[in-house]
Amino acid sequence: MKKPKTFPEQKQELPGNEHKMNPEPEIIRENYTGSGKLLGKTAFITGGDSGIGRSAAVHFAREGANIAIVYLKEDKDAKLTKEMIEKEGQQCLLISGDLKDEKFCKEAVKKCVSTFKTINVLVNNAAIQFPQNELEKITAAQLHKTFETNIYPYFYITKAALPHLKEGDTIINTSSVTAYRGSEHLADYASTKGAIVSFTRSLSSMLAKRKIRVNGVAPGPIWTPLIVATFDKVSDFGKDNPMERAGQPSEVGPAYVFLACEDSSYITGQFIHINGGELVGG
Ligand code: NAD
Ligand code: MG
């Protein structure tokens with residue numbers, strides 16, 4: 001009998017690498033024209049080395065922001081992201097470390113502030129997932145790791161960043177379509193993504209009087225390293241939505257710009273659903 005994969009042996013224990021993806025994801029459309037929407041701002045993005053976070057980072061840079069990026073250990077991807085940001089004429093600070101550790105989260109925020117003096121846009125975005133088709137296979141170790149990675153750092157980083165945020169600054173949290181419709185093979189991951197929706201709504205009302213807006217993005221299937229690293233079969237990834245295809249990071253990044261800048265000045269506590277047409281409530 002074939003031995004089932006046990007949690008620590010899963011290949012997704014290692015982060016996915018964007019520079020090894022085939023086809024390569026599109027990060028920003030060539031014809032995306034910046035118009036200074038984030039001129040002079042500083043953005044702090046967790047998981048900004050690759051995928052959706054990288055796309056948000058490069059779009060922000062094209063709109064005039066400097067960027068600090070936190071990532072686990074994908075140095076090569078992070079270096080490429082830094083180069084993309086510098087190509088936009090902006091600065092990029094790379095911070096490698098484990099967001100599960102609150103002390104590291106505090107240090108990462110401190111590094112950003114000592115380099116750029118401020119934080120104006122905070123993007124909580126890092127996550128992992130470990131697909132399991134049966135509930136019994138979700139071990140306590142997996143459950144802890146998923147919650148400790150996907151939701152606790154949203155609290156740690158936001159707590160550390162808040163003293164630096166002022167009126168007009170924004171927070172954007174990455175959730176998922178799975179928060180809204182559930183997922184039969186990602187029950188623990190989907191639960192963390194639901195927690196992110198509730199966190200976003202709670203924080204938006206807490207911070208409304210400080211005129212700091214808090215919104216989120218709930219992506220559907222997007223072609224990123226997370227997908228390649230965690231799903232065995234990717235050939236029909238995203239084919240089951242109305243548009244019958246996966247989305248590219250370049251189709252997600254502009255939503256982060258909208259939520260980060262003044263264009264969304266009367267929007268807080270809300271989510272933008274970028275999922276190829278799947279209708280979800282909220
Ligand atoms: P990604 O793998 O490119 O990005 C996730 C990043 O999180 C990694 O690059 C990694 O550096 C970072 N990370 C993970 N654990 C960490 C830790 N302990 N400490 C520090 N950094 C850590 O994948 P992505 O698809 O771009 O994911 C970005 C966000 O989008 C996640 O919140 C994910 O849940 C969400 N999302 C993705 C999809 C999709 O189809 N790709 C769908 C819905 C939601
Ligand atoms: Mg990565």
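The numbers here are math on the coordinates, done by the rules we state, and not lab data. Small disclaimer: the values here were computed from a predicted structure and weren't measured. FYI the Cβ positions are ideal-geometry reconstructions off the backbone, even for glycines, and counts take in every protein chain you see.
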Degrees between helix 187-207 axis and first principal axis of the chain (Cα, 0 to 90, nearest 10): 20
Net charge near Pro219 (other residues with Cβ under 14 Å of its Cβ; Lys, Arg +1; Asp, Glu -1) is +2
At 20 °C and 1.002 mPa s, the Stokes-Einstein diffusion coefficient in µm²/s for the chain, with hydrodynamic radius from the Kirkwood sum on alpha carbon pairs, is 114
Euclidean distance between Cα centres, segment 74-91 to segment 210-282, Å: 22
Please report the relative contact order for the chain, taking Cα pairs under 8 Å with a sequence separation of at least 6, and give it as a percent rounded to a whole number. 21
Contact order normalised by length for segment 99-197, with contacts defined as Cα pairs under 8 Å and 6 or more residues apart; what percent is it? 39
Output for segment 62-165 (equivalent-ellipsoid semi-axes, sqrt of 5λ from the C-alpha gyration tensor, Å, descending) is 29, 17, 11
Along segment 71-81, Karplus-curve 3J(HN,Hα) (6.51, -1.76, 1.60; θ = phi - 60°) to the nearest Hz, with x for Gly and Pro, reads 8, 6, 8, 8, 4, 5, 4, 4, 5, 5, 5
By a straight-distance test (C-alpha under 19 Å), which lysines pair with Lys20 as possible cross-link partners, with residues fewer than eight away in the same chain excluded? Lys11, Lys73, Lys76, Lys79, Lys82, Lys233
Starting from the Cα of Lys211, draw a straight line to each of the lysines and keep only those under 21 Å, dropping any in the same chain fewer than 8 residues away. Lys37, Lys41, Lys117, Lys159, Lys166
For segment 243-258, what does the Karplus curve 6.51 cos²θ - 1.76 cosθ + 1.60, with θ = phi - 60°, yield as ³J(HN,Hα) per residue in whole Hz, taken in order and with x for Gly and Pro? 7, 6, 7, 7, x, 9, x, 4, 8, 10, x, x, 5, 5, 4, 4
Given 37 °C, 0.692 mPa s and a Kirkwood radius over Cα pairs, the Stokes-Einstein diffusion coefficient of segment 126-217 in µm²/s is 235
Compare the peptides 212-220, 76-84, 25-33 by average per-residue count of other Cβ atoms within 10 angstrom and give them in order, highest first. 212-220, 76-84, 25-33
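Arrange the peptides 92-104, 120-132 so that the one whose residues have, on average, the most other Cβ atoms within 10 Å appears first.
Order by mean packing, descending: 120-132, 92-104.
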Kirkwood-based Rg/Rh on the Cα set of segment 201-279 evaluates to 1.08
What 222 nm value per residue comes from the helices of the chain, counting each DSSP H run with n ≥ 4 as -39,500 (n - 2.57) and dividing by all residues, nearest 500 deg cm²/dmol? -11000 deg cm²/dmol
